[in-house]
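Here is the structure we will look at.
The values are calculated or read from the model by the stated rules, or taken from the named source; none is laboratory data. Keep in mind that this is a model prediction, so the values were computed, not measured. Here the Cβ is made from the backbone with ideal geometry for all residues, glycine too, and neighbour counts use every protein chain on show. Just the protein is used for accessible areas: all its heavy atoms, side chains included, with ligands, DNA and RNA removed. Shrake-Rupley method; radii C 1.70, N 1.55, O 1.52, S 1.80 Å.
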Amino acid sequence: MTWDGWLANAVAFASLTVALTVALGARVKIRALRRRVEQLAAGPRAVAVVYNPVHVGALDDIQAVVERAAIDAGYAPPVWLPTAKDDPGVGQTRAALALDPAVVVAVGGDGTIRHVAGELAGSGVPLGILPTGTGNLLARNLGLPIGSGVRDLASIAITGRSRRIDVGWVEADGPSLEQTAAIARIAPDSHAFAGSTPFLVIAGMGFDAAVMHSAGRGLKRTMGWGAYVVSGLRYLRRRRVKAHIVAGEGHNEFDLEARAILFANCGRLPGGFVLAPDARIDDGWLDLVVVDTKIGLLGWGDLVRRVGLQSLGLRRRPQMLPEVGSIELRRMRSVHVQAGDPELVEADGDALGYAWNVRARIERGTLLVHVL
């Protein structure tokens, strides 16, 4: 091939390459433009709000603030889905997911939030939190500015930073006929707990479950978190829980007797108190908290002092007096509790019913939540 021929072929090849590159770039731009047109044609994404009417006071005011925050963020006006006595948030969240929402906002207490979170877990759709309950423990553990007002909380719920957190699950098998009869003798107005339900803060059995069950809605509305203190006074002499514990895959088993057995995903309580200092909501660990007291009121006073010291970062106190209130902490992925008697079980403040064999586990990082 002559030099002129080689040069002509090179120029032709370069021209073809440039043409193909331009065509390919144009095709990519056309596809991107087409996707953008489709998005504009479909309209802005939805914001779904699952709310508990019992825990929402001035609903019109909250709706106005949330709608303004959604529109300012470029979303469509929110779709509002109220919970009901026979469906505390599960069906509503499933309906919300069918809308392909940008975020699902839960308005209510920890009970409402845990039901919404359980359905959102693993979906990739973030949870926004607008806490209006008594304890609002999840919001406290996430560092949300509870006292800042609805406007700030709504803004965080809709446009906050996404953070992955763990979701806990507590479950129990259905009771036999004999066990059902035993529950009826112990608590005629209660029922058995069977199945699986999520928790984000703390689940447990024993003293704490009895207190949660006893604190009525009217008392909580009047006294706030103090309602649990009043309720707790009724159960200071409640019998201990006797149980066999199987940790993880069964390599660690032990028996215990305690006032309460708690499964903690995080450990901060109202008033700055810390029950489980090592519990982190995103570490993939379940913190087993075993609480016990002796010698009546002296033991309960010692327990309160122990929690107070933990809240100040003091893990060990001087042994000047006999220890009559104790908190034992163990970390594991899952746990199986086999109780000697039917025990009342709770999850994030909701009394679930009575059970003998209770299992708890943690699913790591399965939930996206909007935080500050």
ask   = Of the residues that sit in region 92-110 and are among the small types (Gly, Ala, Ser) and out of contact with any helix residue (DSSP H, G or I) (no Cβ under 9 Å at 6 or more places or on another chain), which one is surrounded by the fewest Cβ atoms within 10 Å (Cβ to Cβ)?
value = Ala98
task = Answer yes if at least one residue in region 310-317 is crowded, with 20+ Cβ neighbours inside 10 Å and either touching a residue at least 40 places away in the same chain (Cβ under 8 Å) or on the phi > 0 side of the Ramachandran plot (or both), and no otherwise.
result = no
request  = Look through region 195-209, keep the residues that are within 21 Å of the chain's Cα centre (by Cα) and either hydroxyl-bearing (Ser, Thr, Tyr) or in a helix (DSSP H, G or I) (or both), and return whichever of them is surrounded by the fewest Cβ atoms within 10 Å (Cβ to Cβ).
outcome  = Ser196
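Look through region 63-78, keep the residues that are out of contact with any helix residue (DSSP H, G or I) (no Cβ under 6 Å at 6 or more places or on another chain) and surrounded by 16 or more Cβ atoms within 10 Å (Cβ to Cβ), and return whichever of them is farthest from Ala102 (Cα to Cα). If you could, list the steps in order and put the result at the bottom.
From region 63-78, those out of contact with any helix residue (DSSP H, G or I) (no Cβ under 6 Å at 6 or more places or on another chain) are 63-64, 67-68, 71-72, 74-76; that's our starting set.
In the following step, the residues that additionally are surrounded by 16 or more Cβ atoms within 10 Å (Cβ to Cβ) were identified as 63, 67, 75-76.
Details: Gln63: 17, Glu67: 14, Tyr75: 8, Ala76: 10 Å.
Only one residue fits best here, namely Gln63.
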ask   = Which condition number in (1) in contact (Cβ under 8 Å) with a residue 12 or more places away in the chain; (2) within 27 Å of Pro77 (Cα to Cα) is the one that Ser148 fails?
value = (1)
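Based on this model, can you work out whether Leu144 counts as in a loop (DSSP other than H, G, I, E, B) and open to solvent by less than 50 Å² (accessible area, probe 1.4 Å)?
Values: in a loop (DSSP other than H, G, I, E, B): yes; open to solvent by less than 50 Å² (accessible area, probe 1.4 Å): yes.
Taking the combined requirement at face value, the residue satisfies it.
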key: Inter-residue pairs, beta-carbon under 9 Å, first in contact (Cβ under 8 Å) with a residue 24 or more places away in the chain and surrounded by 13 or more Cβ atoms within 10 Å (Cβ to Cβ) and in region 177-194, second assigned to a loop (DSSP other than H, G, I, E, B) and of a type in the set (Gly, Ala, Ser), 6+ apart   = Ile183/Ser190; Ala192/Gly174; Ala194/Gly174
key: Ala121 vs. criteria of a type in the set (A, V, I, L, M), open to solvent by less than 10 Å² (accessible area, probe 1.4 Å) and in contact with a Leu (Cβ under 8 Å, 6 or more places away or on another chain)   = no
query = If you go through region 109-122 one residue at a time, how many are in contact with a Ser or Thr (Cβ under 9 Å, 6 or more places away or on another chain) and either among the hydroxyl-bearing types (Ser, Thr, Tyr) or over 16 Å from His370 (Cβ atoms) (or both)?
reply = 8
Subset of region 263-278 that is open to solvent by less than 10 Å² (accessible area, probe 1.4 Å) and either outside any loop (DSSP other than H, G, I, E, B) or of a type in the set (Gly, Ala, Ser) (or both) - its residue that is nearest to Val345 (Cα to Cα) = Phe263
key: Any pair with Cβ under 6 angstrom, 6 or more apart, that starts in region 247-259 at a residue that is under 16 Å from Ala339 (Cα atoms) and ends at one that is open to solvent by less than 100 Å² (accessible area, probe 1.4 Å) and among the aromatic types (Phe, Trp, Tyr)   = Arg259/Phe207
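From the list Gly301, Gly340, Gly284, Gly250, exactly one residue is small (Gly, Ala, Ser) and over 25 Å from Val358 (Cβ atoms). Which is it? Before you say what the answer is, go through the steps one by one.
Working: Gly340 fails: over 25 Å from Val358 (Cβ atoms); Gly284 fails: over 25 Å from Val358 (Cβ atoms); Gly250 fails: over 25 Å from Val358 (Cβ atoms).
Unique residue meeting the criteria: Gly301.
Give the residue, chosen from Ile165, Ile113, that is touching a residue at least 60 places away in the same chain (Cβ under 8 Å), touching a strand residue (DSSP E or B) at 6+ places or on another chain (Cβ under 7 Å) and either in a helix (DSSP H, G or I) or surrounded by fewer than 19 Cβ atoms within 10 Å (Cβ to Cβ) (or both). Walk me through how you get there before you give the answer.
On the way: Ile165 fails: either in a helix (DSSP H, G or I) or surrounded by fewer than 19 Cβ atoms within 10 Å (Cβ to Cβ) (or both).
Just a single option satisfies the conditions, and that option is Ile113.
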ask   = For region 77-89, does any single residue satisfy the condition of being part of a helix (DSSP H, G or I) and either touching a residue at least 24 places away in the same chain (Cβ under 8 Å) or hydrophobic (A, V, I, L, M, F, W, C) (or both)?
value = no
